[in-house]
1. With at negative phi and touching a residue at least 24 places away in the same chain (Cβ under 8 Å) as the only criterion, which of 151, 126, 130 stands out?
2. What is the residue count in the range 281-292 for residues that are within 21 Å of residue 56 (Cα to Cα) and either surrounded by fewer than 18 Cβ atoms within 10 Å (Cβ to Cβ) or at pLDDT 95 or above (or both)?
3. Would you point out which residue out of 367, 305, 295, 301 is surrounded by fewer than 14 Cβ atoms within 10 Å (Cβ to Cβ) and at pLDDT 90 or above?
4. Given the criteria part of a helix (DSSP H, G or I) and either at pLDDT 95 or above or under 16 Å from residue 153 (Cβ atoms) (or both), does residue 81 qualify?
5. Can you pull out the residues in the range 90-118 that are surrounded by fewer than 21 Cβ atoms within 10 Å (Cβ to Cβ), in contact with a helix residue (DSSP H, G or I) (Cβ under 8 Å, 6 or more places away or on another chain) and outside any loop (DSSP other than H, G, I, E, B)?
6. Residues in the range 216-245 that are within 14 Å of residue 288 (Cβ to Cβ) and free of Cβ contacts under 8 Å to residues at least 60 places away in the same chain: how many?
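The values are calculated or read from the model by the stated rules, or taken from the named source; none is laboratory data. Just so you know, these numbers come straight off a predicted model, no measurement behind them. When we count neighbours, we look across all protein chains shown, and the Cβ atoms used for this are built from the backbone with ideal geometry, even at glycine.
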């Protein structure tokens, strides 16, 4: 039996209007302090008006030493709450729900080294020239507290859920992966020790939020390198996180498995479908599939097969924020996004978030 993707779906106490999620997307629209701007609000308003069920913000840093990039949202101090409330209001005005994603970059920061700031590393590394030091136990405990405090700010700002960023090589990935975690204390070594940070963060954040506000995680379930995090270890970590109160898992990549560019003539290929399916067999909590999904047909297949419960997309919504509404109206052509990833090049140049293909077409039209 085919499942209607456009009917309401619940994550814990939170009811979504459909099964479509806008995956956390760095939009580089925050100001130099990390505060949301008018440009930020317009992005979230368009997504909510476009029919997205759950919008996840771009990653928000939990402390000054957690910052990854220019234009990133901050949730590191109470001064950020007013701007974050504006994002919540924009989503709610359009009928959508919104989660704030909170994170720490660890040693994977572009912002800190370029500003002469020493990074905190899970383990000291000889393969980087960037200034960094290995975390002490006190540092680790302080970062766990930073996550909990940031989550409380998210609740105060009115977000419908909080998502931990445990993917794409940032700090949580660094703790979990044997490629980066070479510690010999309680935070490293065995798989149980390497996942300890995740479990402590989830436990503390759940305590901070209380039992009613959904806690999600975007989890790098497997590293691309065969000597890195295995799928079995990733699935076991996700199972333990659900036991600690995580309400839904968005399956993504760890090291070497996040964003991929594709040729326009390549067939559609969901990046993490195999990993999502493996996790779904082991947990009753909702599983969210992200990466490489461009058609309603593929989204339907993923949910109908039981490989995942919800469908998450990023780049398609940059080009078509109203994609969900289009599909629901019966216009079922695939997303016009071609997965070129040039939109992120625009952001690196500190220009407003925009589809690079649309920009090119506009510039060609203006010059003709």
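1. After applying the criteria, what remains is 151.
2. 6
3. When all the criteria are applied, what remains is 305.
4. Yes.
5. Result: 92, 93.
6. Residues in the range 216-245 being within 14 Å of residue 288 (Cβ to Cβ) and free of Cβ contacts under 8 Å to residues at least 60 places away in the same chain: 7 in total.
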